[in-house]
Amino acid sequence: MTNSELPNTLVKNAQADKARHTVETPQLRENQILRAGQIISTDHKSIAALMFALLAACFAFQLNASMLSPALKGMESALNATTAEIGLTQTAFFASAAVFSLFLPRLADLRGRRRVLTVMMLLTGIGCVISAVGPSVQWLFVGRIVQGVAGPTVVMCLIQLRTHVFDPKKYGLLMGVITSVNGGIAGVDAILGGWLFDHYGYESIFWTMAVIAVIGALSLHFMTNESTVVNPPKMDWIGTLLLVLAVGSLYLALNELAALEDANWVFIGILSVLTIASFVAFWKVEQRSRQPLVTTRYLKDRATWGLLLTTFLTLTGVFAVMNQIVPAIAQDAEAGASLSPSVAPFVTLTPYALAGLAMGPLSGYMAGRFGYKKVLQVGLVGSVITVALTLLLVGNTNLAIFAIISILVGISYAGIANIMLNGLCIVLSPEDNPGYLPGLNAGAFNLGAGLSFVVLPLVQTIMTRASGVASGYTSGIIVGVIILGLALACSCLIPRERTVE
């Protein structure tokens with residue numbers, strides 16, 4: 001059947017699809033090369049300078065995410081605010097980070113990755129200054145929202161790294177170094193935040209963040225190369241707005257659910273309806289758009305939904321176990337080691353973060369040699385086993401056991417599985433839209449972590465009331481292990497990654 005015999009709508013769709021996927025040969029300057037569908041400048045060739053710039057940017061984001069934690073309680077009196085108000089500013093930061101992560105990687109594909117990353121760092125610094133000089137919790141709220149623009153820093157740095165390093169093994173190693181920072185700077189960030197607060201007040205923490213953000217911006221501008229996709233189209237702002245509404249509403253609904261008995265169910269219902277309506281509208285807009293944020297063809301691909309489902313379930317299964325349940329067991333006088341809140345992290349979160357930081361570069365190198373999917377599945381198998389081992393901590397007072405099991409989870413999840421989930425979203429991305437999957441995967445990270453703090457504590461609370469504290473901890477961990485098992489099963493759906501070369 002010829003085109004003339006087809007219905008007019010099919011002809012138009014076929015022509016639009018052809019136009020969308022036809023790439024004209026670009027005109028290159030003397031300092032530019034064309035590689036894997038990317039136009040890359042060649043002004044800077046030092047890998048050491050590149051890594052300094054990318055790590056500075058990642059440090060800037062990680063400090064914004066974790067450095068403030070020890071000062072939150074003291075900020076209540078300093079700003080004459082309630083615990084709920086200070087907590088809301090933290091929610092604002094992470095919600096903002098989740099939203100910006102959805103579209104900034106794609107915007108960087110079109111407008112230039114160095115340019116967008118540099119602007120992100122400068123805006124983050126401005127947000128830090130607002131938070132430092134703001135006289136009230138309302139100004140802190142505004143500042144934290146602006147700081148959230150740094151949300152997609154890590155995945156955007158990985159895309160930038162891929163435009164500079166083409167050897168798979170070398171890229172994997174350096175990817176592991178960068179991504180391992182995403183789990184925390186071995187606890188030093190929180191320790192430094194506590195020291196600054198004790199000696200100079202909470203404002204000094206924000207000024208420190210601002211300085212690092214400016215260093216990140218300057219180093220990105222002067223030490224990295226610019227890169228874009230070939231013949232970049234216009235940004236799909238309508239699709240972006242609808243996706244932001246869908247994911248932002250879902251994130252806020254999950255955050256409200258975490259309040260359990262105090263949750264506002266009417267608010268949750270409104271957010272749920274808004275989530276569904278926004279996503280349906282997003283899908284229809286992307287089907288009709290000539291220049292969509294994400295083509296529905298990619299959304300239907302196993303490389304997209306297989307990875308997103310694996311990421312979502314992995315975070316749901318492990319995040320609350322290691323960030324809430326295990327620290328709570330360490331502090332519990334009845335069913336744990338009865339440690340103080342200031343001591344408990346040294347046998348739980350600190351060894352966990354250190355292990356992940358040390359293992360990250362090695363797992364990245366192994367991914368470049370054996371494949372990201374295989375290494376991911378090794379990490380997920382290890383995560384299932386080691387998270388199950390946290391059951392041994394219930395009723396245990398041996399601090400060495402706490403540290404050893406935390407290290408094992410740090411190796412398997414933080415040092416392997418987490419690294420591979422970040423790496424896969426880069427190597428599975430298509431040449432014409434390398435930013436869409438990292439953006440969606442960052443959303444899956446945030447939503448999975450949010451749901452983890454809803455499901456596991458809910459199970460823990462129900463079983464504690466029914467059978468006691470120890471039963472609550474045990475039940476929460478078991479549910480986490482089951483969800484991790486589902487993540488392992490879903491990882492089989494992820495297709496083989498595209499070569500990094």
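Points to keep in mind about this one:
- Taking 7 Å steps out from each Cα toward its Cβ at Leu28 and Thr296 produces label points 3.7 nm apart.
- With R₀ set to 51 Å, the beta-carbon distance separating Arg111 from Leu392 gives a calculated FRET efficiency near 0.50.
- Available extension along the chain between Arg369 and Phe267 is 31.8 nm, counting 0.36 nm per residue and deducting the alpha carbon span.
- Label point distance in nm, Ile482-Ala358, each placed 7 Å from Cα along Cα→Cβ: 3.5
- Among Ser227, Ser77, the ranking by other beta carbons within 10 Å of each residue's beta carbon, starting with the fewest, stands as Ser77, Ser227.
- The range 66-132-the range 203-257 distance, computed between alpha-carbon centres (Å): 10
- Within the chain, helices built from complete DSSP H runs that reach 24 Å or longer along their own axis (Cα positions) and carry a mean Kyte-Doolittle hydropathy of 0.0 or higher are 47-66, 83-111, 113-133, 202-223, 237-257, 265-288, 302-320, 349-370, 372-389, 436-467, 469-491.
- Of all segments of the chain bounded by trypsin sites (Lys or Arg not before Pro) found in a DSSP loop with no more than 13 other C-beta atoms within 10 Å, the longest spans 301-495.
- For the range 237-290, fraction of C-alpha pairs farther apart than 17 Å, in %: 39
- Here mean projected area of the Cα convex hull in nm² was computed from the coordinates, and among (i) 38.8; (ii) 24.6; (iii) 36.3 the match is (ii).
- Rounded, prolate or oblate (a/c below 1.5 giving rounded, otherwise prolate when a/b exceeds b/c) for the range 235-351 by Cα gyration tensor: prolate
- Using C-alpha pairs below 8 Å separated by at least 6 residues, the relative contact order for the chain is 21 percent.
- Sum of -39500 (n - 2.57) over DSSP H runs of 4+, divided by residues of the chain (222 nm, nearest 500): -23500 deg cm²/dmol
Values quoted throughout were computed directly from the atomic coordinates according to the rules given, and no laboratory measurement underlies them. All of these numbers come straight from a predicted model, not from anything done at the bench. Quick reminder, even Gly has a Cβ in these numbers, built from the backbone with ideal geometry, and neighbours come from all protein chains shown.
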